[in-house]
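Colleague: Pasting in a structure now, in structure tokens, and then I'll have a few things to ask.
The values are calculated or read from the model by the stated rules, or taken from the named source; none is laboratory data. On a predicted model such as this, the values are computed, not experimentally measured, just so you know. FYI the Cβ positions are ideal-geometry reconstructions off the backbone, even for glycines, and counts take in every protein chain you see.
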Amino acid sequence: MRRALDWFTAGMAIAVALAWLFPDPGAPGGWLHPELLTKLGVALIFFLHGVSLSFAALKEGTMRWPLHLVVQTCTFVAFPLVGLALLWLAGGRVPADLALGFFFLCALPSTVSSSVALTAAARGNVPAAVFNATLSSLIGVFITPLWIGWMLKSGGTTMPMGDVVLDLVKWLVAPLVAGQLLRPLLGAWAARNKKRINVVDRLTILLLVYTSFCDSVKRGVWSSHGPGPVLATIVASLVLFFLIFTIASLACDALRFSPPDKIAAVFCGSKKTLASGVPMAQLIFAGRPGIGLILLPIMIYHPLQLLICGALANRWARRAE
């Protein structure tokens with residue numbers, strides 16, 4: 001986990017630096033043709049998710065409904081409400097695109113691979129983690145755009161929901177379904193090549209990060225803000241994480257969850273996915289010049305959550321022993 005975090009986090013920094021130095025190839029009209037490349041990248045990511053996703057592995061975790069309710073409520077209700085409260089406290093001091101990106105982070109589904117891996121490392125309920133992380137990803141395809149549409153509408157901006165939903169179905173849901181349908185043929189291959197698929201998945205995300213920031217750099221979005229948004233996002237991400245982590249922990253204690261169930265609930269309920277977040281942003285905010293600023297919160301929250309939860313997993317595993 002730590003090695004994956006190191007190279008992927010470094011890769012994000014390199015992708016942003018390359019976009020800053022060489023924005024032309026990844027900007028609209030560049031030789032990388034980002035208008036098509038990003039959609040093909042999204043399709044590839046979710047096709048690989050579909051091939052790798054085993055619904056048979058979910059059966060063991062389906063009966064823990066109080067646990068599922070805590071995780072999904074934290075992910076799609078508590079997160080957005082806490083995010084709105086933090087933005088309200090910040091007032092108008094946050095740039096509009098950064099505020100939208102912070103709320104987009106709050107509206108995203110949970111992670112899959114890291115939630116399951118950390119739950120296993122901490123000796124938690126792995127089948128429940130698999131079920132909730134997967135269910136969150138499927139629900140998020142529909143709930144995340146609805147939250148963002150509401151946020152934009154409340155700010156006086158409209159979003160063509162019909163076009164957004166059509167794009168999500170075409171480039172995200174359809175490849176996911178295609179991967180599932182081809183799983184009987186490709187499932188064994190995917191299991192043997194899990195590490196290679198993970199590398200392809202991460203490299204594709206880095207390419208999407210690069211093209212997103214190229215457009216923002218070309219349009220001068222970053223030149224008008226300086227380092228302030230980065231520092232503010234780091235602080236806000238830490239506050240957000242610990243508030244949600246506390247809410248999830250208190251809910252587990254109130255419902256008297258066993259330690260393995262509590263571990264699965266707090267890890268799944270406090271995480272947000274970069275793997276799905278970047279592709280979804282490319283579809284939902286297509287053509288928006290500030291998409292680099294919109295992606296900043298999830299790019300910062302992602303490594304922070306892994307560092308904190310990794311330390312907690314090690315601590316809880318030693319306690320279990």
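Colleague: Specify the residue that is nearest to ILE247 (Cα to Cα); the eligible residues are those in the stretch 81-136 that are in contact (Cβ under 8 Å) with a residue 24 or more places away in the chain, part of a helix (DSSP H, G or I) and β-branched (Val, Ile, Thr).
Modeller: This residue is VAL82.
Colleague: Here is a further query. List every residue pair whose Cβ atoms lie under 8 Å apart, where the two residues are 6 or more positions apart in sequence or sit on different chains, the first residue falls within the stretch 171-185 and is over 14 Å from SER276 (Cβ atoms), and the second residue, located anywhere, is aromatic (Phe, Trp, Tyr) and surrounded by fewer than 19 Cβ atoms within 10 Å (Cβ to Cβ).
Modeller: Matching pairs, first to second residue: GLN180/PHE55.
Colleague: Of everything in the stretch 140-161 that's surrounded by fewer than 19 Cβ atoms within 10 Å (Cβ to Cβ) and of a type in the set (Phe, Trp, Tyr), which residue is modelled with the lowest pLDDT?
Modeller: Once the filter is applied, the top-ranked residue is PHE142.
Colleague: Pick from SER114, SER137: which is closer than 15 Å to TYR301 by Cβ and modelled with pLDDT under 90? Spell out how you get there, then give the answer.
Modeller: Working: SER137 fails: closer than 15 Å to TYR301 by Cβ.
Criteria check complete, one pass: SER114.
Colleague: Considering only residues that are part of a helix (DSSP H, G or I) and either farther than 18 Å from LEU166 by Cα or among the β-branched types (Val, Ile, Thr) (or both), which ones fall in the stretch 15-36?
Modeller: Start the filter on the stretch 15-36 by keeping residues that are part of a helix (DSSP H, G or I), which leaves 15-21, 34-36.
Within the stretch 15-36, ALA15, VAL16, ALA17, LEU18, ALA19, TRP20, LEU21, PRO34 meet the criteria.
Colleague: Within the set of pairs 6+ apart or on separate chains, which have a first residue in the stretch 290-301 that is closer than 17 Å to GLY11 by Cβ, a second that is among the hydroxyl-bearing types (Ser, Thr, Tyr) and in a helix (DSSP H, G or I), and C-beta atoms under 6 Å apart?
Modeller: GLY292/SER212; GLY292/SER216; LEU295/SER212; LEU296/THR233; ILE300/THR233; ILE300/SER237; TYR301/SER237
Colleague: Out of curiosity, is ALA107 of a type in the set (A, V, I, L, M) and modelled with pLDDT of 85 or more? Explain how you work it out, then say what you get.
Modeller: Working: of a type in the set (A, V, I, L, M): yes; modelled with pLDDT of 85 or more: yes.
Taking the combined requirement at face value, the residue satisfies it.
Colleague: Could you tell me how many of the residues in the stretch 15-38 are at pLDDT below 80 and touching a helix residue (DSSP H, G or I) at 6+ places or on another chain (Cβ under 7 Å)?
Modeller: Qualifying residue count for the region: 4.
Residue-by-condition table, conditions (1) among the β-branched types (Val, Ile, Thr); (2) surrounded by fewer than 16 Cβ atoms within 10 Å (Cβ to Cβ); (3) touching a helix residue (DSSP H, G or I) at 6+ places or on another chain (Cβ under 6 Å):
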| position | (1), (2), (3) |
| --- | --- |
| PRO227 | no, yes, no |
| LEU255 | no, yes, yes |
| GLY269 | no, no, yes |
| ILE284 | yes, no, yes |
| ILE291 | yes, no, yes |
| PRO303 | no, no, yes |
| ARG315 | no, yes, no |
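Colleague: Shifting gears a bit: Of everything in the stretch 273-321 that's assigned to a loop (DSSP other than H, G, I, E, B) and not aromatic (Phe, Trp, Tyr), which residue is nearest to LEU238 (Cα to Cα)? Lay out the reasoning, then the answer.
Modeller: Our first condition is that a residue be assigned to a loop (DSSP other than H, G, I, E, B); within the stretch 273-321, this holds for 273, 285-290, 321.
Then drop every residue that is not not aromatic (Phe, Trp, Tyr), which leaves 273, 286-290, 321.
Working: THR273: 16, ALA286: 28, GLY287: 30, ARG288: 27, PRO289: 27, GLY290: 23, GLU321: 29 Å.
If we take residues in the stretch 273-321 being assigned to a loop (DSSP other than H, G, I, E, B) and not aromatic (Phe, Trp, Tyr), then THR273 is nearest to LEU238 (Cα to Cα).
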